[in-house]
Amino acid sequence: MRRVMTADLKAHLSAYLAAVRGGETIIVCDRNTPVARLEPIDDKRSDLVIRRATRPMPRLDEIQPVPLLVPTDVVALLIESRD
């Protein structure tokens, strides 16, 4: 099992996907913290269903914002989640 940082994964995504296709499992790390695992799909799994989209995604300017019930400092929440 190989570990890779997100920046390296973005820079060499095709190579890592080729390794996964070859059967390798790759752990993706963000600031040395494991956040995801890339592994080959087992075609025999009965719970794996891939469906095509039935409708197009809305444009970003068409999505209605959700009002917050309490004032929230989003930047402080982001900083807290990264610590």
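The values are calculated or read from the model by the stated rules, or taken from the named source; none is laboratory data. Bear in mind the structure is a predicted one, so any value in this text is a computation, not a measurement. All Cβ positions, even for glycine, are placed from backbone atoms using ideal geometry, and neighbour counts span all protein chains on display.
Of all residues in region 24-40, those that are of a type in the set (Ser, Thr, Tyr) and in contact with a strand residue (DSSP E or B) (Cβ under 7 Å, 6 or more places away or on another chain) total 1. Within region 31-83, the residues that satisfy the criterion of being surrounded by 10 or more Cβ atoms within 10 Å (Cβ to Cβ), under 19 Å from the mean Cα position of the chain (by Cα) and of a type in the set (Val, Ile, Thr) are Val35, Ile41. Being under 26 Å from Val4 (Cα atoms) and among the charged types (D, E, K, R) is true for just one of Asp30, Asp73. Which residue is that? Exactly one of Asp30, Asp73 is under 26 Å from Val4 (Cα atoms) and among the charged types (D, E, K, R), namely Asp30.
Answer yes or no as to whether Glu62 is of a type outside the set (A, V, I, L, M, F, W, C) and over 17 Å from Met5 (Cβ atoms). Considered against the rule, which asks whether it is of a type outside the set (A, V, I, L, M, F, W, C) and over 17 Å from Met5 (Cβ atoms), Glu62 comes out as yes. May I ask you to list pairs of residues, at least six apart or on different chains, whose Cβ atoms are under 7 Å apart, with the first in region 37-61 being modelled with pLDDT of 80 or more and the second being of a type outside the set (Ser, Thr, Tyr) and assigned to a loop (DSSP other than H, G, I, E, B)? These pairs meet every condition: Pro40/Gly23; Ile41/Leu48.
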